[in-house]
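Undergrad: So that we are looking at the same thing, I have put the structure below in structure tokens.
The values are calculated or read from the model by the stated rules, or taken from the named source; none is laboratory data. These figures come from a predicted structure and were not determined experimentally. Using ideal geometry, Cβ is built from the backbone for each residue, glycine included, and neighbour counts are taken over all protein chains shown.
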């Protein structure tokens, strides 16, 4: 399964905010740190701000920060939220399926189990779990020390 760039950027935003607890961050600094187009990040941040995961503050001293502790942000939930139509095969979607062998094909069942296992593993991790190397991540992204 391949996650979309949108999901990748969403996870990167959460990681950046996670290594900067208690500090308001800007889209521009995340864009620069990850070398991502700022316009793409605006859409991602807007979407994330509709959840409890990211809190945005407008104004001169505005920015964004995690809206809840990193250990309460479930990676499976994030991926489900950013990949609402994660369909591995056409036959997974009843409305668009045109496969003539669907009733006899066991591939669908095998791939469904694989996708479920993938999501189950993600659901077993929180954002805090992937922030184990905060110091190294901070250095690699050239984030100034507080």
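Undergrad: Considering only region 134-146, state which residues are part of a helix (DSSP H, G or I) and under 13 Å from residue 25 (Cβ atoms).
TA: Step one: filter region 134-146 for residues part of a helix (DSSP H, G or I), giving 134-140.
Within region 134-146, 138 is the sole residue that qualifies.
Undergrad: Within the set of pairs 6+ apart or on separate chains, which have a first residue in region 104-133 that is part of a helix (DSSP H, G or I), a second that is loosely packed, with under 14 Cβ neighbours inside 10 Å and at pLDDT 95 or above, and C-beta atoms under 6 Å apart?
TA: So the pair list comes out as 128/71.
Undergrad: Still on this structure, I have one more. Would you check if there is a residue in region 69-79 being surrounded by fewer than 12 Cβ atoms within 10 Å (Cβ to Cβ) and not in a helix (DSSP H, G or I)?
TA: no
Undergrad: If residue 54 meets every condition in (1) under 17 Å from residue 122 (Cβ atoms); (2) buried (at least 20 other Cβ atoms within 10 Å of the Cβ) apart from one, which number is that one?
TA: Of everything listed in (1) under 17 Å from residue 122 (Cβ atoms); (2) buried (at least 20 other Cβ atoms within 10 Å of the Cβ), residue 54 misses just condition (1).
Undergrad: Being more than 20 Å from residue 2 (Cα to Cα), surrounded by 10 or more Cβ atoms within 10 Å (Cβ to Cβ) and at pLDDT 80 or above is the filter here, so list the residues in region 102-122 that pass it.
TA: 105 - this is the single residue of region 102-122 that is more than 20 Å from residue 2 (Cα to Cα), surrounded by 10 or more Cβ atoms within 10 Å (Cβ to Cβ) and at pLDDT 80 or above.
Undergrad: From the list 41, 17, which residue is in a helix (DSSP H, G or I), over 13 Å from residue 81 (Cα atoms) and touching a strand residue (DSSP E or B) at 6+ places or on another chain (Cβ under 7 Å)? First the steps, then the outcome.
TA: On the way: 41 fails: touching a strand residue (DSSP E or B) at 6+ places or on another chain (Cβ under 7 Å).
Exactly one of 41, 17 is in a helix (DSSP H, G or I), over 13 Å from residue 81 (Cα atoms) and touching a strand residue (DSSP E or B) at 6+ places or on another chain (Cβ under 7 Å), namely 17.
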